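First up is the structure itself, then whatever we jot down about it.
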């Protein structure tokens, strides 16, 4: 079972169990009988029904509104309790599945058996491997004047901001590829800073850091580039992310962490 899905289910189970306990306690002090209501000339009229053989019940005068509210609350609480019990039965059945979902059958096969069959969908590990193979391309290389900046994963990048992105994704176990080849309408092949894979959603993002936004020429050039990304179907927050910086205001770790949490995990 997907871990995030399991956490959501467990959280819902805990909420319902607390609700059942509270409503069970509330019903112990609820008044006897049930509330019947009718409408007389546009005005609600209420009755207390105790004996099933007398379903019309006994009239409750308006001065006893506290009793009317208490009986209405009792009816509501009983319905909530019954519905919560049904939902808990379903949730407990789901949790009992544990590692027996259809996707997990492949994981429970022996390695030999796994080699003999095609899974209904790739495992996370297979997905990451296939994705990285699809991104493989000739590296751009570095010039002698480029600073030597190394990431925690042991590869070279061009700026401290790229190092920040790469190291944070590495620590958060987000698969990424440095400077993949990408085709943009009206621009041709470009090399965004990173491609990254949200394994849980099985979704790819491309990432650009624009770190010289205080340079007017750089700003204009990259605004046009962002326009070409959008024209090519790369939408901010959907399958594309970018960060900004200047000399006085460089990229902050918290910014990268928030983007990773909200889009890549």
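The values are calculated or read from the model by the stated rules, or taken from the named source; none is laboratory data. Fair warning: this is a prediction, and the values are worked out from it, not measured in the lab. No Cβ is skipped: glycine too gets one built from the backbone with ideal geometry, and neighbour counts run over all protein chains shown.
Find the residue count for the range 192-216, including only residues that are assigned to a loop (DSSP other than H, G, I, E, B), more than 15 Å from residue 245 (Cβ to Cβ) and touching a strand residue (DSSP E or B) at 6+ places or on another chain (Cβ under 7 Å).
From the range 192-216, those assigned to a loop (DSSP other than H, G, I, E, B) are 192-193, 199-202, 211-215; that's our starting set.
The next check asks that each one be more than 15 Å from residue 245 (Cβ to Cβ); those that pass are 192, 199-202.
Subset that is touching a strand residue (DSSP E or B) at 6+ places or on another chain (Cβ under 7 Å): 192.
Total satisfying the criteria: 1.
Just to be sure before I move on: is residue 171 in contact (Cβ under 8 Å) with a residue 60 or more places away in the chain and either farther than 21 Å from residue 140 by Cα or buried (at least 18 other Cβ atoms within 10 Å of the Cβ) (or both) in the structure I sent? Before the answer, list the steps.
Numbers: in contact (Cβ under 8 Å) with a residue 60 or more places away in the chain: no; either farther than 21 Å from residue 140 by Cα or buried (at least 18 other Cβ atoms within 10 Å of the Cβ) (or both): yes.
When the stated conditions are applied, residue 171 does not pass them.
Among 68, 9, which is the only one that is part of a helix (DSSP H, G or I), touching a strand residue (DSSP E or B) at 6+ places or on another chain (Cβ under 6 Å) and assigned by TED's automatic domain parsing to the domain that holds residue 82?
Details: 9 fails: touching a strand residue (DSSP E or B) at 6+ places or on another chain (Cβ under 6 Å).
That would be 68, the only listed residue that is part of a helix (DSSP H, G or I), touching a strand residue (DSSP E or B) at 6+ places or on another chain (Cβ under 6 Å) and assigned by TED's automatic domain parsing to the domain that holds residue 82.
So which residues in the range 31-50 are loosely packed, with under 10 Cβ neighbours inside 10 Å and on the phi < 0 side of the Ramachandran plot?
Once the filter is applied, which keeps residues that are loosely packed, with under 10 Cβ neighbours inside 10 Å and on the phi < 0 side of the Ramachandran plot, the range 31-50 yields 32, 39, 40, 43.
Please go through (1) under 19 Å from residue 33 (Cβ atoms); (2) surrounded by 11 or more Cβ atoms within 10 Å (Cβ to Cβ) for residue 83 and return the number of the only condition it doesn't satisfy.
(1)
From 89, 81, grab the single residue that is in contact (Cβ under 8 Å) with a residue 60 or more places away in the chain, under 28 Å from residue 18 (Cβ atoms) and assigned to a helix (DSSP H, G or I). Show your work before the answer.
Details: 89 fails: in contact (Cβ under 8 Å) with a residue 60 or more places away in the chain.
One residue alone meets the criteria, 81.
Considering only the range 129-152, how many residues are part of a loop (DSSP other than H, G, I, E, B) and exposed (fewer than 15 other Cβ atoms within 10 Å of the Cβ)?
Of all residues in the range 129-152, those part of a loop (DSSP other than H, G, I, E, B) come to 136-148, 151-152.
Checking which are exposed (fewer than 15 other Cβ atoms within 10 Å of the Cβ) leaves us with 136-148, 152.
Residues in the range 129-152 being part of a loop (DSSP other than H, G, I, E, B) and exposed (fewer than 15 other Cβ atoms within 10 Å of the Cβ): 14 in total.
Take the range 185-203 and flag every residue that is crowded, with 19+ Cβ neighbours inside 10 Å and without any contact (Cβ under 8 Å) to a residue 60 or more places away in the chain. Write out each step before concluding.
Of the residues in the range 185-203, the ones crowded, with 19+ Cβ neighbours inside 10 Å are 192-197.
The answer is 192, 193, 194.
Across the range 210-249, what is the total count of residues that are loosely packed, with under 15 Cβ neighbours inside 10 Å and under 29 Å from the mean Cα position of the chain (by Cα)?
8
Go through the range 153-174 and count every residue that is in contact with a helix residue (DSSP H, G or I) (Cβ under 6 Å, 6 or more places away or on another chain) and in a strand (DSSP E or B).
The qualifying residues number 1.
Is it the case that some residue within the range 217-229 is modelled with pLDDT of 95 or more, farther than 14 Å from residue 196 by Cα and not in a helix (DSSP H, G or I)?
The answer is no; no qualifying residue exists.
With respect to the numbered conditions (1) in contact with a helix residue (DSSP H, G or I) (Cβ under 9 Å, 6 or more places away or on another chain); (2) surrounded by 14 or more Cβ atoms within 10 Å (Cβ to Cβ); (3) more than 30 Å from residue 193 (Cβ to Cβ); (4) free of Cβ contacts under 8 Å to residues at least 40 places away in the same chain, which one is the sole condition not fulfilled by residue 73?
All conditions pass for residue 73, except number (4).
Among the residues of the range 175-184, what is the count of those that are in a strand (DSSP E or B) and surrounded by 13 or more Cβ atoms within 10 Å (Cβ to Cβ)?
Residues of the range 175-184 that are in a strand (DSSP E or B), as a first pass: 176-178, 182-184.
Narrowing the set further to residues that are surrounded by 13 or more Cβ atoms within 10 Å (Cβ to Cβ) leaves 176-178, 182, 184.
Residues flagged as in a strand (DSSP E or B) and surrounded by 13 or more Cβ atoms within 10 Å (Cβ to Cβ) within the range 175-184 amount to 5.
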